[in-house]
Amino acid sequence: MIEKTLSIIKPDAVERNLEDKIKSFFEENNLKISNIKKVKISKEEAFEFYKVHQTKPFYNDLCNYLSSGPIVVMVLEGENAVLKNRELMGATDPKNAAEGTLRKKYGLSIDKNSVHGSDSIDNGKTEINFFFK
Ligand code: CMP
């Protein structure tokens with residue numbers, strides 16, 4: 001099934017000029033970038049975006065981090081895009097990410113893990129709507 005999902009290139013990866021490499025990796029793996037923009041969000045916007053994590057101990061640091069510098073937000077589109085994107089990203093903690101995945105290649109730590117991706121079709125719709133109204 002053709003799906004849409006949201007991908008974010010996080011501040012650590014934008015700062016290291018990894019944007020083009022990450023975009024090419026998605027396209028080479030048959031995920032089309034159908035919308036894209038570079039933004040810098042406020043801490044309040046980060047709180048809203050990550051509100052599913054609001055009870056987690058890392059919530060505040062996570063929101064500080066996402067709002068700390070420019071990010072690139074993209075809509076990825078393709079066959080099984082949600083799962084495909086998650087496979088291409090690899091495990092949340094780069095230490096556990098499989099060889100060849102984005103987080104294995106570029107992630108620095110569980111916080112600075114270079115990319116975010118929606119975890120379900122429904123969350124994908126919510127997250128896409130958050131950035132591309
Ligand atoms: P992301 O896929 O963007 O979703 C939430 C983020 O919280 C996650 O990537 C990590 O960067 C960050 N995070 C920090 N600590 C943890 C943790 N213990 N478990 C899961 N995510 C964490």
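The values are calculated or read from the model by the stated rules, or taken from the named source; none is laboratory data. All figures in this text were calculated on a predicted structure; none of them were measured in a lab. Glycine gets a Cβ as well: all are built from the backbone with ideal geometry, and neighbour counts include every protein chain shown. For accessibility, only protein heavy atoms count, side chains too; no ligands or nucleic acids. Shrake-Rupley method; radii C 1.70, N 1.55, O 1.52, S 1.80 Å.
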Selection count, region 28-51, where residues are closer than 17 Å to residue 68 by Cα and in a loop (DSSP other than H, G, I, E, B): 4
Residues of region 1-59 classified as touching a residue at least 60 places away in the same chain (Cβ under 8 Å), more than 13 Å from the chain's Cα centre (by Cα) and within 12 Å of the ligand (Cβ to nearest atom), total: 1
Total residues in region 99-131, condition open to solvent by less than 60 Å² (accessible area, probe 1.4 Å), within 18 Å of residue 83 (Cβ to Cβ), free of Cβ contacts under 8 Å to residues at least 60 places away in the same chain and within 11 Å of the ligand (Cβ to nearest atom): 1
Residue check, residue 7 polar (S, T, N, Q), out of contact with any Cys (no Cβ under 6 Å at 6 or more places or on another chain), crowded, with 17+ Cβ neighbours inside 10 Å and under 17 Å from residue 118 (Cα atoms): yes
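Looking at region 61-99, which of its residues are farther than 17 Å from residue 112 by Cβ and hydrophobic (A, V, I, L, M, F, W, C)?
73, 74, 75, 76, 81, 82, 83, 88, 98
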